[in-house]
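A.B. asks: Once you've had a glance at the structure underneath, I'll fire off some questions.
The values are calculated or read from the model by the stated rules, or taken from the named source; none is laboratory data. Keep in mind the model is a prediction, meaning the values are calculated, not measured. Note that we place each Cβ from the backbone using ideal geometry, even for glycine, and neighbour counts take in every protein chain shown. These accessible areas exclude ligands, DNA and RNA; they are computed on the full protein's heavy atoms, side chains included. Shrake-Rupley method; radii C 1.70, N 1.55, O 1.52, S 1.80 Å.
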Amino acid sequence: MLVAAESRLREYLARRPLSPALAGRGARPVRLYTVHEDATLLSLPWIGRDDHDGARGVARQELDLLSTRQNLPAFAPEDFFFRSSSDAYSGIYLDLGGRGLVSTVTLPYAAVNGTRAVLALDLAFDVDWRALAASLEAPIAGAAVDLPAGESATWATFATSLPATAPAPLRVAMDAASLRPRASGASEIGAPLRHALVDGGAIAAFHVSDRTWLLAWFPQTAPAFPFAAVALQSVLLALLLTGFEINRRRAHRERRGAERALQEKQNLLNTMQVPLVVVDPNDDGIVSANRAAEAIGFRAGRRFADLVWPDARARAHYDHMQVASPEPRRAYGVPVAAINEKGVVERRYAVVRSVAVTAPIEALNADERHRLGVLILLDESDDLALMIEDRDRSAHRDERRRLSGLLSHGLDTLARVLAWGQSRVGVGSEQGQSRVGAGSEQGQTPDQRFLAWLAEYLERRVGVTAWLLDHWDATTPLPRQSVIDAAQTRATIDRLRDVLAMAAADRDLRQRLHWDNGTLSAPAPRVLDVTVDWPDDVVVTCPVHGGFGLFLSELVANAVKHGAPGTVPSLAITCDRVRSELVCEIANEIRAGSSDVSRADAYGGVAILRAMARLFEWPNLRFDSDVSGGVTRFSATWLIPVSRRGNEAD
């Protein structure tokens, strides 16, 4: 492989010589070799076409050098080989094969059985070593010598080969080294770098080309005492000591001033009547506190959350306020367990002003990780008098509005209709007897049946209204008081249809019920379309007696009151047996110009229905409007959970 590579390389260099930049420095091949990763070395010295005799001498010299240094089979440092998978360049180094300063170009390749090897080409350069030796600056002295062919490189050979222009100190040192039979490096055959110690200094020899050695003399010198430098350093030391003393005194004065300022701040914090605490938000621990805070039990080492009054709402509110937010400061109120003047823990309301610490506060041992809390304990009778008065006034006003809405929504109208009906039934005995003769099997006239239903409905409405007022803000679930089945529901719907039929036939009654502009104000084929798919074994529970009928009659009355004249409202109740719930819907067409009844005030009819649906646990009460073909259709839908008869407890 080496022979083939040499042949191709010669042909290539014949076609394309080295670049001018290298040729100008006398670059020339001196060796082609390969190194295997098992340390095997095969070297092929580069032989010129007209220099066979000289090349054979160089090859013999290289063989002699390598055979005496069997532990160093590589020409370049070993870490240079097998380190890269691409071409590489070694730089210039002293050749172990006796060719002086060379550089290596390597090419890795795969050898036998997948092992690795490197093909390398050494290049030598022509340098004017005599000019380089002459340019060495004193006190170093140097010279370049060419050894005769066949001469071994020893100190004696170097001494006899020195030119006449060599510096005298170098010549004397060489003569002294040649007189030592075993001077350091003299017996190392083939070593490219040698040195020796002689009286007055040291000498070194560098093998820089095939036959050229660069010799250098390094005399032993003793430095002179640096009087000027010592003097300058003394002056500098005196200036440094003076500056240090000045700065020390200034720092002492500033420290005393800072201590006084800190003491004043601590006195101010201790004399303040406002409690101050520093809290670490990572573990909610109190880092430090002033005397006012310690007096009420907020001491360092305790957790602030443990000092919040042990109430579920108070703890939940405090935890919510501790959630990180982008605001650097925040304020909130929370009841705390504070120690009074008698040493007894009592519940006090406090306003906490929490501020992020942006710079260290030494007086409070606070840094950028902490938050500074200002606690203001409130006295309800003094500090909160105005706020409590306004809140109570607003609450009373809100209660009055709620009571007014619940009582006035239909009760006054129903009471007037009841009084009107009673006066109408009692008009003349003959008229009354005629009505009785035309009555039902129970001997009641339609007016009497209507008044009986109205009285019962009014009583049920008053009872449900009182219950609703008492449970308006209650939390579900509530205990159940009544069970409604399909038969009761159908009876309620039949009575509603009878009442609607009577109102449709009596204009005076419609006016008193405020139904004079609704669906009954114009002739219609029916007063109400009803579809009930309610199995007999399915029941519904309600937390108040009469609540189901009131809820249903209120929605039917709204549909009749706000519907377009001559239209027929619809009521559909369907049982979803898979989900165990009733799907209820009341729909009607709205007359032109009617307002959206689903947007009522806080205590109007819709608000009452929403409150009842929430307390009855009837989810998804929804009011929808759909416009199609110029007709607006309004619907109310809701769901009622059901249970099987015999499993009412479920």
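A.B. asks: Across the stretch 109-135, what is the total count of residues that are touching a Phe, Trp or Tyr at 6+ places or on another chain (Cβ under 9 Å) and either closer than 30 Å to LEU215 by Cα or among the hydrophobic types (A, V, I, L, M, F, W, C) (or both)?
C.D. replies: Result for the stretch 109-135: 7.
A.B. asks: List the pairs whose first member sits in the stretch 546-570 and is assigned to a helix (DSSP H, G or I), whose second member is among the polar types (S, T, N, Q), and whose Cβ atoms are under 7 Å apart, counting only residues at least 6 apart or on separate chains?
C.D. replies: Final answer for the pair search is GLY549/THR492; LEU552/THR492; ALA559/ASN588; VAL560/THR519; HIS562/SER594.
A.B. asks: So the check is Cβ under 6 Å with 6+ separation or different chains; which pairs have a first residue in the stretch 460-478 that's modelled with pLDDT of 85 or more and a second one that's open to solvent by 50 Å² or more (accessible area, probe 1.4 Å)?
C.D. replies: If the second residue must be open to solvent by 50 Å² or more (accessible area, probe 1.4 Å), the pairs left are THR476/GLU617.
A.B. asks: Still on this structure, I have one more. THR541 - would you say it is surrounded by 14 or more Cβ atoms within 10 Å (Cβ to Cβ) and under 20 Å from ALA452 (Cβ atoms)? Steps first, please.
C.D. replies: On the way: surrounded by 14 or more Cβ atoms within 10 Å (Cβ to Cβ): yes; under 20 Å from ALA452 (Cβ atoms): no.
No, not satisfied.
A.B. asks: Looking at the stretch 463-491 only, could you name the residues that are assigned to a helix (DSSP H, G or I) and buried (at least 18 other Cβ atoms within 10 Å of the Cβ)?
C.D. replies: Applying the first criterion (assigned to a helix (DSSP H, G or I)) to the stretch 463-491 yields 463-470, 486-491.
Passing the criteria: VAL464, THR465, TRP467, LEU468, ALA486, THR489.
A.B. asks: Assess whether THR519 counts as being open to solvent by less than 10 Å² (accessible area, probe 1.4 Å) and either among the polar types (S, T, N, Q) or free of Cβ contacts under 8 Å to residues at least 12 places away in the same chain (or both).
C.D. replies: Against the criterion (open to solvent by less than 10 Å² (accessible area, probe 1.4 Å) and either among the polar types (S, T, N, Q) or free of Cβ contacts under 8 Å to residues at least 12 places away in the same chain (or both)), THR519 qualifies.
A.B. asks: Here's a follow-up. Which of (1) of a type in the set (A, V, I, L, M); (2) under 18 Å from LEU372 (Cβ atoms); (3) open to solvent by less than 20 Å² (accessible area, probe 1.4 Å) is the odd one out, the single condition VAL351 does not satisfy?
C.D. replies: Failed condition: (3).
A.B. asks: Continuing with the same structure: Filter the stretch 109-149 for residues that are farther than 25 Å from ARG10 by Cβ, in a loop (DSSP other than H, G, I, E, B), of a type in the set (Gly, Ala, Ser) and in contact (Cβ under 8 Å) with a residue 40 or more places away in the chain and give the result.
C.D. replies: Correct list: ALA149 only.
A.B. asks: Kindly check whether there is at least one residue in the stretch 13-25 that is at pLDDT 75 or above, within 19 Å of PHE125 (Cβ to Cβ) and part of a strand (DSSP E or B).
C.D. replies: no
A.B. asks: Do any residues in the stretch 37-53 that are closer than 30 Å to VAL112 by Cβ have Cβ atoms under 7 Å from those of residues that are assigned to a helix (DSSP H, G or I) and at pLDDT 80 or above, where the two are at least six apart or on different chains, and which pairs are they?
C.D. replies: Every condition considered, the pairs that remain are LEU42/LEU2; LEU44/LEU2; LEU44/GLU6.
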